[in-house]
Amino acid sequence: MRTTLTLDPDVAAKARKGAAKLGKPFKEVVNMALRTGLDAVLAPPTAKPYRTKPRALGLRQGFSYDSIADLLAHAEGEDHQ
C-alpha cells in the first residue's frame with residue numbers, strides 16, 4: 001500500500017541511520033519499526049497480581065468467639081440496641 005506519511009525530523013534521521021547500519025532499505029526499516037511499535041502500543045499492559053498477606057488477628061485476653069453477643073455488648077456498650 002502506498003501512502004504519504006510525514007515523519008518528525010528526529011524520527012526520519014533515526015530511521016535513515018538505522019537503515020544504513022542494518023544495510024536495509026529505508027522503507028523496510030520504517031515498516032519493521034512500525035510493526036514493533038504498534039504491537040507494543042496496542043498490547044494491553046500486563047497487570048501485576050494483587051496479593052495480600054494474611055495476619056492473625058486473634059482476640060484479646062479474656063474474650064471468646066463462643067459468645068458473639070458478649071463481644072458485641074462489649075464493643076457497642078451494654079445500653080446499645
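The values are calculated or read from the model by the stated rules, or taken from the named source; none is laboratory data. It should be emphasised that the depicted structure is a prediction, and the values quoted were computed from it without experimental measurement. Positions of Cβ are backbone-derived with ideal geometry, glycine not excepted, and every protein chain shown enters the neighbour counts.
For the residues K53, K21, the requirement of being closer than 30 Å to A75 by Cα, loosely packed, with under 10 Cβ neighbours inside 10 Å, out of contact with any helix residue (DSSP H, G or I) (no Cβ under 8 Å at 6 or more places or on another chain) and at pLDDT 90 or above singles out K53. Of all the criteria given as (1) surrounded by 10 or more Cβ atoms within 10 Å (Cβ to Cβ); (2) part of a helix (DSSP H, G or I); (3) over 30 Å from the mean Cα position of the chain (by Cα); (4) not acidic (D, E), the one not satisfied by A75 is (1).
Can you give me the number of residues within the range 34-62 that are farther than 22 Å from A12 by Cβ, under 18 Å from the mean Cα position of the chain (by Cα) and of a type outside the set (D, E, K, R)? Count: 9.
If you check A40 against the conditions, is it among the small types (G, A, S), free of Cβ contacts under 8 Å to residues at least 12 places away in the same chain and surrounded by fewer than 10 Cβ atoms within 10 Å (Cβ to Cβ)? In short, yes.
Of the residues screened, D70 is not one that is part of a helix (DSSP H, G or I), of a type in the set (D, E, K, R) and under 30 Å from the mean Cα position of the chain (by Cα).
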